[in-house]
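Colleague: There's a structure below that I have some questions on.
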Amino acid sequence: MRKTLVIIFSVLLSIPSFAWGPEGHRIVAKIAYAYMNKKAVKQVDKVLGKSGLVFWANWPDEIKSDTIYPNSFDWHFQDMEAGLTDEQVANMLTDYPAVGGNMFRALDSLQILLKDDKTNFDALRFFAHISGDRYCPMHMGHLEDKGGNTIKLKWFSTPTNLHRIWDENLIDFRGYSYTEYAQILIDRFDGERKAIEAMTQEELTINNYHITSAIYAYNDLGDTNTYHYAYRWKDTLDKQLFIAGVRLAKSLNEIYK
Ligand SMILES: [Zn+2]
């Protein structure tokens with residue numbers, strides 16, 4: 001019998017907010033596998049199947065219109081006001097906002113569920129996915145534009161929006177497979193892994209908010225429809241994907257120890 005998740009939900013938003021696209025979530029999962037210890041890999045694969053983190057990486061997005069978890073839509077993001085102080089941002093990790101999403105609460109709740117029952121299939125699939133979303137800059141976008149979803153832009157002449165540019169367009173533009181992309185990021189950033197593992201969740205969340213603020217400020221210059229945009233932001237994108245993988249591995253190593 002399917003186990004159900006008990007999480008307190010907030011109201012649904014009417015405009016879709018996506019996640020790292022399918023490629024992004026597979027990259028995060030692949031990086032996580034590289035940094036999980038053998039015990040964690042064995043236990044996670046026992047629950048999800050071999051390479052299950054990759055196989056199920058996008059399941060929480062795929063079921064958004066299904067009836068099994070109808071309230072899970074807003075677990076994927078936490079939109080915020082512009083111009084918050086670092087302290088205000090950090091406080092949201094414990095004093096969950098009443099509006100703009102439910103990402104922080106969902107992650108905490110899922111982690112508790114998993115610590116209580118490490119074989120909870122759905123909790124693990126949600127936790128792995130949303131742990132990745134947490135480092136997608138536009139998943140901490142501004143309330144007023146629904147995380148960039150209402151900022152209509154063009155990406156090489158194709159209509160898109162600021163949210164989607166960061167979830168999918170920038171990643172797809174690189175043209176790597178998810179395995180190639182993950183390996184390139186591991187080769188490039190492995191030396192920074194320990195420092196990323198040592199960061200507190202407050203520091204990482206504040207860092208994320210600063211990145212999101214910089215993306216908004218740059219967007220005001222209005223050159224998203226050029227090669228220059230991808231060139232300007234590719235290092236930021238790559239680092240966020242790497243951080244997401246490292247931190248997912250760290251969480252799973254702690255849960256499945
Ligand atoms: Zn998502």
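Colleague: Based on other C-beta atoms within 10 Å, arrange 109, 65 from fewest to most.
Modeller: 65, 109
Colleague: A further question follows. In terms of modelled amide H atoms, which long-range or inter-chain residues lie less than 5 Å from the amide H of residue 101?
Modeller: 79
Colleague: Next up: Give, rounded to the nearest 20 debye, the magnitude of the charge dipole that the chain has about its Cα centre when Lys and Arg contribute +1 at Cβ and Asp and Glu contribute -1 at Cβ.
Modeller: In total the dipole reaches around 1100 debye.
Colleague: If r is the Cβ-Cβ distance from residue 226 to residue 37 and R0 is 51 Å, what FRET efficiency results, to the nearest 0.05?
Modeller: In this case the efficiency is close to 0.75.
Colleague: Continuing with this model, one more query. Can you list residues from other chains, or at least 5 along the same chain, whose modelled amide H is less than 5 Å from the amide H of residue 226?
Modeller: 156
Colleague: Next up: Cut-off 13 Å, label point 7 angstrom out along Cα-to-Cβ of residue 88: give me the residues of the stretch 124-164 whose amide nitrogen falls inside.
Modeller: Residues passing the 13 Å test: 142-144.
Colleague: Here's something else I'd like to know. Rounded, prolate or oblate: which fits the stretch 108-257, taking a ≥ b ≥ c as square roots of the Cα gyration tensor eigenvalues, rounded meaning a/c under 1.5, else prolate when a/b beats b/c?
Modeller: Working: a/c = 1.94, a/b = 1.62, b/c = 1.20.
Here the stretch 108-257 falls in the prolate category.
Colleague: Distance check, please: which entries in 118/146; 64/146; 64/257; 50/152; 146/250 exceed 28 angstrom between their Cα atoms?
Modeller: Cα-Cα > 28 Å for 118/146; 64/257; 50/152; 146/250; rest within.
Colleague: Sticking with this structure for a sec: Between rounded, prolate and oblate, where does the stretch 174-257 land on the alpha carbon gyration tensor, with a ≥ b ≥ c its root eigenvalues, rounded for a/c under 1.5, else prolate if a/b exceeds b/c? Don't skip to the answer; put the middle values down first.
Modeller: On the way: a/c = 2.80, a/b = 1.48, b/c = 1.89.
Here the stretch 174-257 falls in the oblate category.
Colleague: Just add up the charged neighbours of residue 176: K/R +1, D/E -1, any other residue whose Cβ is under 14 Å from the Cβ of residue 176.
Modeller: -1
Values quoted throughout were computed directly from the atomic coordinates according to the rules given, and no laboratory measurement underlies them. Given the structure is predicted, the values throughout are model-derived calculations rather than measurements. When we count neighbours, we look across all protein chains shown, and the Cβ atoms used for this are built from the backbone with ideal geometry, even at glycine.
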